[in-house]
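The values are calculated or read from the model by the stated rules, or taken from the named source; none is laboratory data. These numbers come from a predicted model, not from an experiment. No Cβ is skipped: glycine too gets one built from the backbone with ideal geometry, and neighbour counts run over all protein chains shown.
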Amino acid sequence: MRERLIEVAIRQFGELGFDGASTREIAAAADTTMSNITYHFGGKEGLYRAAAKAIVDRLALVVGREPIPVLSKDAEDSARVELICAILRRIGEFMLSSEAAAMARFVAREQQDPNSFMRELLSNSVLHAGVIFENEIAHLRPELDERERRATVFFMLGMAISLRSSRLSLCVFMDVEDIDDATADFLVGQLERMVRDVLLATPHA
């Protein structure tokens, strides 16, 4: 029942926000009673926190779906590029999946008015992939300073996340009603190609 309440809460908080969502309606949609919310989470805020943490934990599983190798300082550039592309591919594929829809709405809403708890959770989850990316970019693009590297990481992750957060615009640009498997494969492939171009770009004179 705890997992079912979290699943419904993610959807309700994502659609209505913290203030708009009703614990009574969440309980009803989960086919249970308010007492179960109190028992498992203590109340609305506890349920919200559990929902937010469930999203972050799921994203962490996506990033770490396969062991992430630790590359030595002497690793080939190609290995560094493949590592970054592999992680972005996982994120991109997840964002294109139906599972990501409710989670993306939840996170997108909180991005507009982030509270300290969600900020902490996102910092911890994004930091994991971000540190990996920044370390490898430092080797691949040594001419970039720390600020430039972090901006590069942000835009790379943003491209993958936009496959869900900008899904409607994506469908319009691709002139499709929805994203089928073939289109999804094409888009993830394009994402990888663009990232490779950035990672292997020739420094400006």
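What to note about this one:
- Taken over segment 140-184, the residue count meeting the criterion of being under 28 Å from residue 74 (Cβ atoms) and surrounded by 16 or more Cβ atoms within 10 Å (Cβ to Cβ) is 8.
- If only residues of segment 83-123 that are among the charged types (D, E, K, R) and over 22 Å from residue 134 (Cα atoms) are counted, the one that is surrounded by the most Cβ atoms within 10 Å (Cβ to Cβ) is 110.
- Verdict on residue 57 being loosely packed, with under 13 Cβ neighbours inside 10 Å, outside any helix (DSSP H, G or I) and of a type in the set (Asp, Glu): no
- Residue that is surrounded by the fewest Cβ atoms within 10 Å (Cβ to Cβ) [pool: residues in segment 8-54 that are within 22 Å of residue 122 (Cβ to Cβ), of a type in the set (Asp, Glu) and without any contact (Cβ under 8 Å) to a residue 60 or more places away in the chain]: 19
- Pairs with Cβ under 6 Å, 6+ apart, first in segment 124-145 and at pLDDT below 85, second among the hydrophobic types (A, V, I, L, M, F, W, C) and surrounded by fewer than 17 Cβ atoms within 10 Å (Cβ to Cβ): 125/60
- Odd one out for residue 80 among (1) over 16 Å from residue 158 (Cβ atoms); (2) at pLDDT below 85; (3) crowded, with 19+ Cβ neighbours inside 10 Å; (4) not aromatic (Phe, Trp, Tyr): (2)
- Test: residue in segment 64-71 that is in the same structural domain as residue 181 (by TED's automatic domain parsing), β-branched (Val, Ile, Thr) and within 15 Å of the chain's Cα centre (by Cα): no
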